[in-house]
Amino acid sequence: MIRHWVGQLKEFSDRTTQLPGIFWLVVYGALTAALGLLFQQSYFLVHLDAAGALVLALRSINPKPFVADLWIIIGILLLSIAANITYYHETLPSAILLSMTVVIQGMLGAWLLSLFFRQKADFTSFDGMLKLLFIGVILPALLCSCLPALVPYSNFDEFSPRWLRWFCNLGLSALLFSPLLIYGVVLPRNRFAKQSSPLLLLFYWLLALTVTEWMLSHFPFSEHKISLQLLLLMSMLVFYAVSFSIRFNSLVLSCVGVLALRSLQLEDIDSDIHQRLNDLVLLTFFIFVVVSVKLAVCMLINEKTVALNKSRRSRQMFEVLSSINQNLIGFDSSEREIFSKVCRIITEDIGLEQACISVFAPYVGRPEAPHTYKVAWRYVFPERDCAHDGGAFPVDLSRISESHGYKAFQHSGCCSGCDRSCHYDTRVSFPIYRSGHIHGVLTVFDNKGFNFDEDMHRLFEDLVKDLSFALTSLDDHIKLKLGYEAFEYSQESIVITDPQGNMINVNPSFCRITGYSAEEVLGHNPRILKSNKQSDEFYSEMWQTLLDKGSWSGEFCNKRKNGELYVQRGTISTVTDQRGEVKHLIAVMEDVTRQQQAEEYARRLANFDTLTGLPNRNKLNEVFFKSSNQAEKQRRSLAVMFIDLDDFKHVNDAMGHQFGDEVLKAVSSRLQQQIDLDDTLFRFSGDEFLLLTPYDSVGTIELAQQLIASVSKTFTIGGKVINIGCSIGIAISPTDGLTIDQLVGSADAAMYRAKGAGRGTYAFFSADMQTDALEKLNLKHDLALAIDNDELCLHFQPKVNIQDDTLIGAEALVRWHHPTRGELAPGNFIPLAEESGQIVMIDRWVLEAVIRQLSDWIQAGIAPLPIALNLSLPMFQRPQFVDEVIYLLERYQVPAELLELEVTERVAMGDLDYTVSTLRALKQVGVSISIDDFGTGYSSLAYLYDFPIDTLKIDKAFVSDIPHNRKKQGIVSAIVSLSITMGLKTVAEGIETVDEKAYLRNLHCDFYQGYLFSRPVAADIFCTRYLKPSQSNSFE
């Protein structure tokens, strides 16, 4: 477990370019603290310091320029000095000398080893281990022990005892900790070495410590003697060397040696110092012999184990690659499935840490230039996030040639451009070809000491060759399969004949179209299908065209097996050999009989409504032309009735479009039941119907009343009962129009008059309606220019506290200064804007104008109050609405708390999920939310629990004359009580009398607005009358 944590810390430090040395400083600091606590008595001879061992490990295993390791070495030196002062109570000069000696020892050992190793130091062999012990450990200790021997020691007057003491300490420090750091931490684990269970290793480690502690406590080193019982300990250590890895043995040696030195420290301190020094020398010699023998045995056994495991691994590799080749046989797997199997086998069976296959997009560029392939997709196993990345793959063509194109290239660009830190000791790539072109690259990764020798290279080269062959064969198979599928599954009839015209193969579509089986026609001439609808000259010309041009295309009639005639259209082509002689004839024909029927069906779809089956507006012109001609002959007029359903949109929004479709079909059925054979009913659009009927001064009115009464009756749809109605506009030809477009326009205008009269009625078109429609059209045009001409302005109506008339905010209301009509209230143009879609333009202007006005007041040093404004449904449903609000608040530097948005129930209930998410986003910004005209909409109280609202506004319809209307009193009382219960504020709109205000105040309504306090006023008047300088009335 501890080794796992150490490995994780090392991996983390390696991934961070600024932290590689921190790991080693932490390791050294922890080890030094442990040794200091064990050997901190100043009167004892033992003085262990692992600094030299750590410097030796760093400088010999991963040699770098000295400058690169300088700050790490300085850090080790400083920690060593601190330990000498803290634990061994050395003076500062002595501590500096001792620490520098240990560091110099490590650097000297690394330098001496570099002289004896031609290339990078290899300590995994027996020869490398001997060089480490004698050249890297003993020889530097022998030389460097002279430096601390120069420091006087109270117990030794002569130089030789001091030198002997420090030779033992320096030698032991390097001897015990160099193998531990090199084999246990720095060098990567060799996957071919012995592997054991962590729990088993923990048991044997504790056993070694226990046996060592017991033997040394009962049979100590003393009087120049080594107890024979200690040879049992050495035997156990030799057993460990045979049975376990060198990593584990290095740990055991370090721990056993420290325990032995600790037992020497616990001897009687009053004994002769020279005797204790002799015991230290004897123990040092014993430890050196144990370490040397144990490491020698362990290394020899390890080399044999590694060689045996390599042999087994090679055999396993051949078996695994053989299984890969077996997976490549056959055409049942796709390319991705093949690559998936290969990567899994490489990682799971071979044991490599990761495998990746990058598949390239087709290369476009100069063929002689170095290629940078775009990666189309990448398969990585085990899967990493980078498997979903794109990227590029640089490939140098000089490393991939035609003669040895499958050779591996080290450190390829597989991870080019990747910002992830995945450190691998081994990364080898092999190109994969497909149909003669480079198709991708197989890259294998390993960080566990995988021995990727020449044999492994050759095996992988064979693997990618087999992969390339399999992909090329797969392409050929796909081409054949595509040709077969095109022949078998084509909807066109395909016939192949010999040069004499005898059929040698037909596809299933031929059998389906003609009714003949393949057995019935093979060997026969296609003339068995002849219908005699074409002349002999037709066939002569067809054959002549085939001989001259090699193909013929056209259409002719044939006869099925059952005698039924059918029309087919297609081509006949010749297939020639290298000498130009005809080998086969291929006829590809399409049965167009159903196509002609489909065209007829399409014509019907174009003229009839698919939902109700009624004629649509495309059919209207044709029917009107016939009806008007007939009416003109009979000297009669035609009536056009424009029928529009009332409240259908609310039903459609509340119940869903599918339910609305069922309602339309039911309405269509009822309307058809009321009309005669001379009448024609059309589905005009949406919830609009149009009836074309002969005009009769009395009969037309009676028919309109019947239609209205019929639609007004209750509908039962899917077990649900609904009530709707309709409004009818009537136009008479030729009085109200000569063309159908004119009559429909007149009837439409009359329909709107009927809706304005209260709905559920009918109205005839008149001249003044034409004038009103024209005025609306002009007003719509003027409204489109109003913003550009700066004709819109804001008025502000104060909102006050109902208890003390304290001003708490205002509502912004838009006004239009029309150039010819003067100032227009919202009621004169807002409905038109909603109808024409211009409401979004106005709402955006109002939103920015309000925020800009707040900003102007703030810049002028005036403390503004929160301003509320209304939102229309189209504005609220814009996907970018919240972003627009945030943008404007940031642009004009206005706090969001100064803005209040009012939405009606109709707006809020349009799309509940969207409404909730939008309102929450606005609340998160800080904007206040109010429900306007509460209680007048088509909704449910349930939404109040989900909507993040602050205020309910009571509509003027409930406030007007409330002291004398018991129904209004009950409604308003319920609204106020509901608001109090839910922690919401209430605002009463349209208070005009003192009695209305007093009654609402008694109901505990919070705020009000209306003519009683103030009419809406212009911005400058509102500022002068109600706002104050920021010094005396700052907004909180």
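A few notes on this one:
- Legend: residue pairs LYS131/LYS304; LYS649/LYS755; LYS923/LYS956, Cα-Cα distance threshold 24 Å; pairs beyond threshold, LYS923/LYS956.
- Coupling constants for the range 551-563 follow from the phi torsions by the Karplus curve (6.51 cos²θ - 1.76 cosθ + 1.60, θ = phi - 60°), and in residue order they are 7, 9, 9, x, 9, 7, 9, 10, 10, 6, 4, 7, x Hz; glycine and proline get x.
- Partner lysines whose Cα lies under 28 Å from the Cα of LYS479, excluding those fewer than 8 positions away in the same chain, are identified as LYS341, LYS374, LYS465, LYS549, LYS583.
- Spin-label model distance (nm) - GLU519 vs ILE1021, 7 Å beyond Cα toward Cβ: 10.1
- Gyration tensor (alpha-carbon) shape descriptor, the range 608-765, a/c threshold 1.5: prolate
- Amide H contacts of ARG434: HIS439, each under 5 Å away and 5 or more positions distant or on a separate chain (H built 1.01 Å from N in the peptide plane; Pro and chain starts excluded).
- Cα centre as origin, Lys/Arg/Asp/Glu Cβ charges: the range 489-595 dipole, Debye: 260
- Where the alpha-carbon atoms of the range 59-109 are placed on the principal axes, they occupy 34, 19, 15 Å, in descending order.
- Whole-Hz ³J(HN,Hα) from phi, Karplus 6.51 cos²θ - 1.76 cosθ + 1.60, for the range 69-86, glycine and proline x: 9, 4, 5, 5, 5, 4, x, 4, 4, 5, 5, 5, 4, 4, 5, 4, 6, 6
- Calculated FRET efficiency, PHE203 to LEU130, Cβ-Cβ distance, R0 = 25 Å: about 0.20 to the nearest 0.05.
- Between ILE802 and PHE1007, TYR1008, the built amide H atoms are under 5 Å apart, and every one of these is 5 or more places off in sequence or on another chain.
- Unit Cα scatterers, Debye sum, the range 489-595: log10 I(q)/I(0) for q = 0.10, 0.11, 0.12, 0.14 Å⁻¹: -0.26, -0.32, -0.38, -0.53
- Cross-link reach is defined here as a Cα-Cα straight distance under 19 Å, omitting same-chain residues fewer than 8 places apart; for LYS1028 the lysines meeting it are LYS799.
- Seen from VAL575, the other residues with C-beta closer than 12 Å to its C-beta sum to a net charge of -2, counting Lys and Arg as +1 and Asp and Glu as -1.
- Our estimate of slack between LEU912 and GLN596, defined as 0.36 nm per intervening residue step minus the Cα-Cα distance, is 109.0 nm.
- Per-selection Kirkwood Rh - the range 862-906 (Cα, Å, 1 d.p.): 11.7
- Extension gain, GLN534 back to TRP845 (0.36 nm per residue minus Cα-Cα distance, nm): 104.7 nm
- Given their separation in residues at 0.36 nm each and the Cα-Cα distance between them, LYS720 and LEU738 gain 2.1 nm when the chain is fully extended.
- Environment charge at LEU565 (Cβ cut-off 10 Å; Lys +1, Arg +1, Asp -1, Glu -1): +2
- Take the Cα of GLN544, step 7 Å toward its Cβ, do the same at ASN778, and the gap between the two points is 7.5 nm.
- Cα-based equivalent ellipsoid, the range 719-870: semi-axes from gyration tensor eigenvalues, Å: 41, 21, 13
- FRET efficiency, 1/(1 + (r/R0)^6) with R0 60 Å, evaluated for ASP462 and GLU213 via beta carbons: 0.60
- Listed from fewest to most Cβ neighbours within 10 Å, the set ASP788, ASP946, ASP955 follows the order ASP788, ASP946, ASP955.
Only the coordinates and a few stated rules stand behind these numbers; no lab work does. Because the structure is predicted, anything quoted here is derived from the model rather than measured. As a convention, Cβ positions derive from the backbone with ideal geometry for all residues, glycine included, and neighbour counts pool all protein chains shown.
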